[in-house]
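K.L.:
Quick one: this structure, given as structure tokens, is what I'll be asking you about.
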Amino acid sequence: SQKIEQNSEALNIQEGKTATLTCNYTNYSPAYLQWYRQDPGRGPVFLLLIRENEKEKRKERLKVTFDTTLKQSLFHITASQPADSATYLCALSSRGNQGGKLIFGQGTELSVKP
Amino acid sequence: DVKVTQSSRYLVKRTGEKVFLECVQDMDHENMFWYRQDPGLGLRLIYFSYDVKMKEKGDIPEGYSVSREKKERFSLILESASTNQTSMYLCASSSGTEKFFGPGTRLTVL
């Protein structure tokens, strides 16, 4: 069956360290993968998109990698800050999806301590 | 800025009631989506629409229907609410790959 899995346990790190979040998928052929941030009581907010033919994407302190052989994406936040504390969701769109249909992972909660 | 608004932030209904959740976007997006979010299960797609009067079932459509009479508005309908439909409901819109989400409606069915 098709599955997207993220670290189910919350990730606690110290301010200034790099946070690394994992997203694994099975039985999908993704055209692209996205990462979203969600704060409590709010809707998700788009952060980054990486396509199947891209290995890495960067945006300020954020970096995403995509390994279609391992069927895995890693999401890094460098020089993390307490304001980065939130739940991070990965989502993928399979090839041929109509209307940009996305399937989401369950999310990983990140807590950055000062 | 793209804005997606949902009719209520919090809603309490009784079992068997018909419930309407409204979503409006102001960016002329073709695609609109309804998700529900539950702890440990993440966001699950209920229905989506890629054009006016068009709709497609998502992964968990049972117990729900939708309506899209105008491009900017996408309604989710619970024909007869049940307690297992207590959840956070999120609407989203897009014209390409990036999804813009509303703030969510937390629905409690008693």
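K.L.:
Among DSSP beta bridges lying fully in the protein assembly as shown, give the percent that are antiparallel, nearest 5.
P.N.:
Roughly 90 percent of the beta bridges in the protein assembly as shown run antiparallel, per DSSP.
K.L.:
Right, here's the next one. Can you give the local net charge around A:GLU54? Use residues other than it whose beta-carbon is closer than 14 angstrom to its beta-carbon, Lys and Arg +1, Asp and Glu -1.
P.N.:
Charge balance in the 14 Å sphere: +3.
K.L.:
What Kirkwood hydrodynamic radius do you get for the protein assembly as shown when you take the inverse of the mean 1/r over all pairs of distinct Cα atoms, in Å?
P.N.:
Averaging 1/r across every pair of different Cα atoms and inverting gives 18.0 Å.
K.L.:
Quick check for me: using +1 on Lys/Arg Cβ and -1 on Asp/Glu Cβ, what's the dipole size of the stretch A:27-89 about its Cα centre, in debye to the nearest 20?
P.N.:
That gives a dipole near 80 debye.
K.L.:
For the stretch B:4-96, what is the charge dipole size about the Cα centre, in debye to the nearest 20, if Lys and Arg each add +1 at the Cβ and Asp and Glu each add -1 at the Cβ?
P.N.:
So the magnitude is around 240 debye.
K.L.:
Using only protein heavy atoms and a 1.4 Å probe, how much accessible area in total is buried between B and A, to the nearest 100 Å²?
P.N.:
So the total buried area for this chain pair works out to about 1600 Å².
K.L.:
Between B:ILE77 and B:LYS3, what length comes free when the chain is fully extended (0.36 nm per residue of separation minus the Cα-Cα distance, one decimal in nm)?
P.N.:
Value of the extension gain: 24.5 nm.
K.L.:
While we're looking at this one, here's another question. Would you please name the trypsin sites (Lys or Arg not before Pro) within the stretch A:10-54 that are DSSP coil residues with at most 16 other C-beta atoms within 10 Å of their C-beta?
P.N.:
Answer in residue order: A:LYS17, A:ARG42.
K.L.:
Which shape class applies to chain B: rounded if a/c is under 1.5, otherwise prolate when a/b exceeds b/c and oblate if not, where a ≥ b ≥ c are the square roots of the Cα gyration tensor eigenvalues?
P.N.:
Since a/c reaches 1.5 and a/b is larger than b/c, the shape of chain B is classed as prolate.
K.L.:
To make sure I understand the rule: partners must be aspartates and glutamates, Cα under 20 Å from the Cα of A:LYS113, and not fewer than 8 residues away in the same chain. Which ones qualify?
P.N.:
A:GLU9, A:GLU15, A:ASP39, A:ASP84
K.L.:
Ignoring ligands, DNA and RNA, what percent of the 1.4 Å accessible area of chain B is carbon and sulfur?
P.N.:
49 percent
K.L.:
Over 26 Å between Cα atoms: which of A:LYS59/B:LYS70; A:LYS101/B:LYS13; A:LYS55/B:LYS3; B:LYS53/B:LYS99 fall into that group?
P.N.:
Cα-Cα > 26 Å for A:LYS59/B:LYS70; A:LYS101/B:LYS13; A:LYS55/B:LYS3; rest within.
K.L.:
HN-Hα J couplings of the stretch B:6-21 from phi, Karplus 6.51/-1.76/1.60, θ = phi - 60°, integer Hz, Gly and Pro as x?
P.N.:
10, 5, 9, 8, 9, 9, 10, 10, 9, 3, x, 6, 8, 10, 10, 10
K.L.:
Which of the GluC sites (Glu not before Pro) across the stretch A:29-114 are loop residues per DSSP, with 16 or fewer other Cβ within 10 Å?
P.N.:
Sparse-neighbourhood loop GluC sites (Glu not before Pro): A:GLU52, A:GLU54, A:GLU60.
K.L.:
For chain A, rounded, prolate or oblate, judged on the Cα gyration tensor with a ≥ b ≥ c (square roots of eigenvalues), a/c < 1.5 rounded, else prolate if a/b > b/c?
P.N.:
In terms of gyration-tensor shape, prolate.
K.L.:
How big is the charge dipole of the protein assembly as shown about its Cα centre, in debye rounded to the nearest 20, if each Lys and Arg gets +1 on its Cβ and each Asp and Glu gets -1 on its Cβ?
P.N.:
That gives the protein assembly as shown a dipole magnitude of about 60 debye.
The values are calculated or read from the model by the stated rules, or taken from the named source; none is laboratory data. Just so it is clear, the structure is predicted and the values come from calculations on it, not from any experiment. All Cβ positions, glycine included, derive from the backbone under ideal geometry; neighbour counts span all protein chains shown. Heavy atoms of the whole protein, side chains included, go into the accessibility calculation; ligands, DNA and RNA do not. Shrake-Rupley method; radii C 1.70, N 1.55, O 1.52, S 1.80 Å.
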